[in-house]
Amino acid sequence: MDDTTVQVYSVLFIAITVVLVVTARYFQARRGRRMQRQLAGMDQIPQWLMQSIETGKPLHLAFGGAGVGGDNTPAALAAAEFFHHVIQNADASDMPPLVTMSAPATLPLGQGALRRAWRKGNTLSRAQWTPPDLAYAGAVSASVADDEPAAHIMAGSFGAELALMLDSADRRGQPSLAVSDRLDGGAVAYALADHALIGEELFAAPSAISTDEGGRADAAALDVWRGLIILGAAVLLLLEFSKQLPLLSWQLALGAAAVLIALGLIFSRRR
Amino acid sequence: MPLARCAGAGAKQISSDAAGMMAEHTIALVSFILTLMVFSYVLGDLPLIGVLYRVAVYIFVGMAAAFTLVVSYEGLILPYLQDIQNTETSWTALGNSADIYIFFTALLFGLLLLLKPVRSLAWLTNSVYAVVIVVGAAVAVVGALSGTLFPLLHHTVSIPANLVADFGALLDALIIFVGVMTALFYFHYQVRATGAAGGGQSRLARGFRHAGKVFIVTALGAIYASTLLTSLTILSERISFLFQFGVA
Amino acid sequence: MGRGGLSVFVAFIVGAIAIVSLLLGDNPALFGAGAGSEELARRLTLPGDVLLRLVVIVIALSVVIGIVNLLYVHIGRLARGKFYSAVLLASFAVTIAWTVLNKGDASLLEAVQVPIESALAALLFPSLALGGARVMQKRADVWGLLFVAVVLIVLLGSLPLAELAPVQAFSDWLMAVPVNAGARAILLGIALGAAVAGVRALLGQDRAYRG
Amino acid sequence: MSEEFNWLEYAEPEESAPAPSPRRGLSRFLPRLPRRPRIFRTLRLSFRPRLPGLLRLPRLPRLRRGAQPAPKQSSAADLLGTQDERPLEELDDRLQMLRERSAASLRSEAESRQALYDVDEVLTAPEILDKPGGVISAAALSKAQQQQVELLKDIVGGGAAQANEVSGGRIRLGAPAFSLSAIPRIVGTAVLLLLVSLPFASSDFSEGGLPPAEFQEDRHGATTLYNLLDNLTTDDYVLVAFEYGPAAAGELDSIAELFLRHIVAQGAKPLIVSSNAIAIARARNIIGGINRSVAFSGNELVHLRDYAILRYLPGGSLGLRELSENFADVARVSYKGELTGLEFESLDDMTHIVLIAERAEDMRHWAEQVVTQVERTRLLAASAYAASPLAQIYANSMDEIVGLLVGYRDAYTYGQKLDDDFGALLPASDAPVNEPVSPNRALGGAESQAEGAGAMVEPSPPTEPPPPTVAPLPTTTPRPTNTASPTATALPTATATEESIRVVEVISPEQVRIRRGPTRADDILRLALAGDLFAVIGTNGDGSWYNIALSDGLEGWIAAFLVEEKTLTVAEFLAGGGEASARNPGERVYLRREIIASLGKNRPRYYQARGPIGGDIPEYVLLRDRSAEVPRLEAMTLGTLGAVVIIAGGNVLYALGALRRRRREADIE
């Protein structure tokens, strides 16, 4: 792909996304027919909130290394949105949630989320920065003993160091929900966290916990894109085939379609 | 063009051995003790031993913060200060004088971000923060599109040449294609509402999602194993260090 | 325009400028041939350059925000008699003093930071191995089984033992094909999610701008 | 029920009755606010019956009897394959309710709060907040309420409250005391650590082979990567990106050092950048390590002459974007703020970009922000094992990315290949002289280049074996105590296996230290054991120390009273090693026997250096400390085996438990 092609595609992508994000709000107005599938662990969050309220232990919300201003700005924003809803619901508690991060530029985001959602006074010392990665993981593993959070919700950008945090939380019997926009963190979360979202689900997490239209619109736009991409890729693949195998292309296409459908049917047998 | 042979720059890099040796021994001793302190994590919350780990961690956090600060100052702010004084160069097409404005605007922005918690300034600090966020978002969008989305998709749909000859490669390419598409489909969020009880999907859609999940979980498993191997490599280095120290 | 209004407005305007400049700048080919397109591309690049430079410095400066926060939090804790915060603050102060006094000496880094950080990274190994041993406890279903099986195959495949050659071959295929596909899909998903969330932020539709 | 039980972790009697003391500190003495219980009662009523249909999942083993099941904590297999979909409205309702409750409770306090609410929070002292486990954050109380609290404190028993406060502030040695349930974890960890330690303690535990000396054919582009670096010349600049922090040093330092050594050995100049602040400091230390190993020859690398460390790139991908768009600016200033004098137009002026990535994300950033911006220059990548599955995808998808060396094993292979190339004998005289070494291998300038090339690649006449040569030892050695004359060394040629050489054999029953200089104050280089043989290079003035050759090109000094001097033929000398290394005639060959003794481990190796050590080229490559490589590789093998056993065993246990449980449930039904 040369530069120009990429640029043209990018412009198209952005334009369509803008349209989707804006129009999805109107479509969302007539809701009821569609709904969002449930994400892992979301139904546990109210439970944890209650535990937090009842025991006076804070929730621990972690951004990880998701930094504003850099590549994972969207991840940080999505996490902040997600946390905003959590904090809002934790409002009946006495302990403001503990928000931690290792990217200093995310600090204002965390402070903002706390201040907007937690309307009970000064929360400045509840958003805490620690130097990146292992220092952060170490500090969290130590704070697991210090602050004794009721539960950990880790959404953002984590690497393998997530293992240290989840391990120490696990030792103390503190439940955890983790999602990372990094693959190694995602894998660690899948194995060690009580509940793990996978990759992209980070961006749908806010809409899974709130009634906000905006979040829903995002999820809807993502789904539209997903459909477009899958269809487009299928068409492109067929074109590729037809280039190489002019004679066999349609047979192959049929074969591939048959395989796909068979796969779908086989797997749908389960449960 | 030779790397500048600045007069005397860096010429006294050669370490003085005698003093260096003392220092090396001390370094080794300190690192030995600290390594053991961190390893005490394994024992958990035994009295006294639990303290060792946390002391080491807090030393580490404080030091890492300090280093981050020092390196940011020395490695970034100083060079920038150096650079804006150099009238022959400029960061943008606007010339050197613009550099100075940019630099001091950035300083001002940094200061305002520091004041973000001050409520009465929120209108200003939020606007400054918005600039940081949107520039980051713009970089992220451009990066995600041109660096990940398009190239990966492009590569997924482009099948290797000479497929007829190599059936294995064709099969692999097809599996990858099917895997990517079903796994991408797996994430689908919106489901049809099928009544009061809950949402549902067609059997086909559910099948696709299960197939996709096979690929996702396989990938996660492999990445987990790789992460394990990396940490094992690092552990072997640490243990090698402990033994070397024990010998010496 | 209310209090939130200004920041949303700024976000929208700056976002539009940034995305256009970053996306379209620096490629005259996009605007057809000719001298005019060169000029246009150059002009388009300029605001992006300025913004990038600005934000890069702001981000670098944000370390100061982090440090201030760290000190604020831990001085507060120290006031309540938290011993560990004292350790942290002392370590911070010593490091700063050391680097100021011994310019350019990295031995503190080698003596303290590197061993602790490596040791923490090394600690991940037992954590990951023992955590991996409990996957079936947390996910007692076919997915847990699949996960564990893949972990074991890849681990075995990494062993340099001649007897395991078939496993190695299978593990190589696994890495090259299904893992490749799965990881690619996750990546694509993240890129998609980031792009959509990013566009939304560019539209000024983010809560972070207000409050 | 979907509760999961966890026999490895502490018993935590959660919830049920208001737990023994969930509220610590002052809180115990405060009356609960009326709103709290009410909320709970309502909430729980609305929550309990509606928990989603996850409850029919297989039960997990409950190994610890008698313990109370945790309250509906996390549910295990709620991943999507098995879960039911639920309408959003339902979820929303519950959350909505929660929010409404809290909002209502707040509204009643709204006025009292207002006073604090608008105060600039910076000015509020932090200590009134987050009291350890406090029941109410002080900031949420109005002044009047706070006074009430004070009053209560006095009335209810200030002494007790104070004691509590103190214990809250002191070092708390971990809330849950050490419990027996931690034992499986400790034992498991101990077993793993033991396994990883064994190879360092003894050579009896060498499992598996070493990585190959050549990259396999199917390794994507690793050989190409090597060759690209091997074809560098003195005019080349290579951008080396150190994208790893100290955490990954154990895995990536070796490959980073190899890359640097390879590049400088070719005479090219590495420019080091990083978007990781600490990595810049680390890079200095790695260069320092190289300099220490070549220090005796005076070939230290000098900053801004032989290499440059550029300022660090903040902001992750943003910094990389800056790098690719404004490379001229980045290259202008060093990490200390000095002017480098480097003038480049763009990244395309770099011959190659070398990336050493710790995390998959780094690879992604470089792929997204840099590779897409350069036109000619290619990215040569190495990554940690953890990053490899993803990095491999980028390496495969983008033509601009070459190679991918993964982890420590590939570093070993790379080093092996380097040694083979740089230390290799020239082809035997009857073979065609295909010069395997590019003539520009010499450092620094054209004249030495020609000279070096001439000296090195000159083939011997095919028929006559070359005369035994005498190694010219570096005369520039800075050590003042070194009295060994340059001609004292009798190192054999490869062919002259019958020729005798001076060796010393260690006779001391204890481990013997080989030092950097002939005094006991000198640094220890190696340890040796009884029976180890070393070729003698010379002695010090009074003969109380021998100057001996070590295999990695280093020289060491050993005290004379610990050894016995002998004269052996080369063949005899070699017999101890088992490595038939010096068969090819036609080149000066230096045999150096290395003794690696790590706790009784004795692994001899032979090196064949092409030129005299201290002559310029190979020393950067050859003078590496490789003593830990083999035991580390073996430790990794054993550790992997241990992890496999533990993961497999643990999961089989849990799976069996789950199955048993499911059957029991089926029986009951």
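The values are calculated or read from the model by the stated rules, or taken from the named source; none is laboratory data. Just so we're clear, the structure is a prediction, and the values are computed from it rather than from any experiment. As a convention, Cβ positions derive from the backbone with ideal geometry for all residues, glycine included, and neighbour counts pool all protein chains shown.
Of note:
- Within the stretch C:53-105, the residues that satisfy the criterion of being of a type in the set (Ser, Thr, Tyr) and out of contact with any Phe, Trp or Tyr (no Cβ under 6 Å at 6 or more places or on another chain) are C:Ser62, C:Tyr72, C:Ser85, C:Ser91, C:Thr95, C:Thr99.
- Single match in B:Leu48, B:Leu36, B:Leu43 (criterion: at the interface with chain D (Cβ under 7 Å from one of its Cβ atoms) and over 23 Å from C:Ala93 (Cα atoms)): B:Leu43
- Subset of the stretch D:318-346 that is at the interface with chain B (Cβ under 8 Å from one of its Cβ atoms) and within 29 Å of the chain's Cα centre (by Cα) - its residue that is surrounded by the most Cβ atoms within 10 Å (Cβ to Cβ): D:Leu318
- If you go through the stretch B:93-109 and keep only what is of a type outside the set (A, V, I, L, M) and surrounded by fewer than 21 Cβ atoms within 10 Å (Cβ to Cβ), you end up with B:Gly95, B:Asn96, B:Ser97, B:Tyr101, B:Phe103, B:Phe104, B:Thr105.
- Test: residue in the stretch B:74-95 that is in contact with a Ser or Thr (Cβ under 9 Å, 6 or more places away or on another chain), at pLDDT 90 or above and not hydrophobic (A, V, I, L, M, F, W, C): no
- C:Ala162 surrounded by 18 or more Cβ atoms within 10 Å (Cβ to Cβ), within 26 Å of B:Leu229 (Cβ to Cβ) and free of Cβ contacts under 8 Å to residues at least 40 places away in the same chain: no
- Answer residue from the stretch C:100-120, given it is at pLDDT 85 or above and surrounded by fewer than 22 Cβ atoms within 10 Å (Cβ to Cβ) and is nearest to A:Gly159 (Cα to Cα) among those: C:Val100
- Residue in the stretch C:152-162 that is farthest from the chain's Cα centre (by Cα), counting only those that are aliphatic (A, V, I, L, M) and modelled with pLDDT under 90: C:Ala162
- Every residue from the stretch D:306-319 that is in contact with a Phe, Trp or Tyr (Cβ under 8 Å, 6 or more places away or on another chain), outside any loop (DSSP other than H, G, I, E, B) and modelled with pLDDT under 85: D:Gly319
- Annotation note: of D:Tyr237, D:Tyr244, D:Tyr226, the sole residue that is among the aromatic types (Phe, Trp, Tyr) and buried (at least 24 other Cβ atoms within 10 Å of the Cβ) is D:Tyr244.
- Inclusion of B:Val191 among residues that are more than 8 Å from chain C (Cβ to nearest Cβ), buried (at least 18 other Cβ atoms within 10 Å of the Cβ), closer than 30 Å to A:Leu192 by Cβ and at pLDDT below 90 is warranted.
- Filtered residues of the stretch C:163-211 (kept if within 7 Å of chain B (Cβ to nearest Cβ), under 20 Å from the mean Cα position of the chain (by Cα) and closer than 25 Å to B:Val214 by Cα): C:Ala183, C:Arg184, C:Ala185, C:Ile186, C:Leu187, C:Leu188, C:Gly189, C:Ala191, C:Leu192, C:Ala194
- Scan of the stretch D:303-317 for residues that are at the interface with another protein chain (Cβ under 7 Å from one of its Cβ atoms) and in contact (Cβ under 8 Å) with a residue 24 or more places away in the chain, ordered by number: D:His303, D:Leu304, D:Ala308, D:Arg311, D:Tyr312, D:Pro314, D:Gly315, D:Gly316, D:Ser317
- D:Leu638 assigned to a helix (DSSP H, G or I), at pLDDT 90 or above and either over 23 Å from the mean Cα position of the chain (by Cα) or of a type in the set (Val, Ile, Thr) (or both): no
- Checking D:Ala163 against (1) at pLDDT 70 or above; (2) more than 10 Å from chain B (Cβ to nearest Cβ); (3) surrounded by fewer than 17 Cβ atoms within 10 Å (Cβ to Cβ), the condition it does not meet: (1)
- Count of residues meeting criterion [outside any helix (DSSP H, G or I) and under 19 Å from A:Val68 (Cα atoms)] in the stretch B:98-151: 3
- Residues of the stretch B:110-130 that are within 7 Å of chain C (Cβ to nearest Cβ), surrounded by fewer than 24 Cβ atoms within 10 Å (Cβ to Cβ) and farther than 13 Å from C:Ile57 by Cα: B:Leu114, B:Ala122, B:Trp123, B:Ser127.
- Within the option set C:Leu54, C:Leu61, C:Leu46, C:Leu88, being crowded, with 19+ Cβ neighbours inside 10 Å and closer than 19 Å to B:Ala140 by Cα holds for one residue only, C:Leu54.
- Any chance A:Gln128 is facing another protein chain (nearest Cβ under 7 Å), without any contact (Cβ under 8 Å) to a residue 40 or more places away in the chain, in contact with a Lys or Arg (Cβ under 8 Å, 6 or more places away or on another chain) and among the polar types (S, T, N, Q): no
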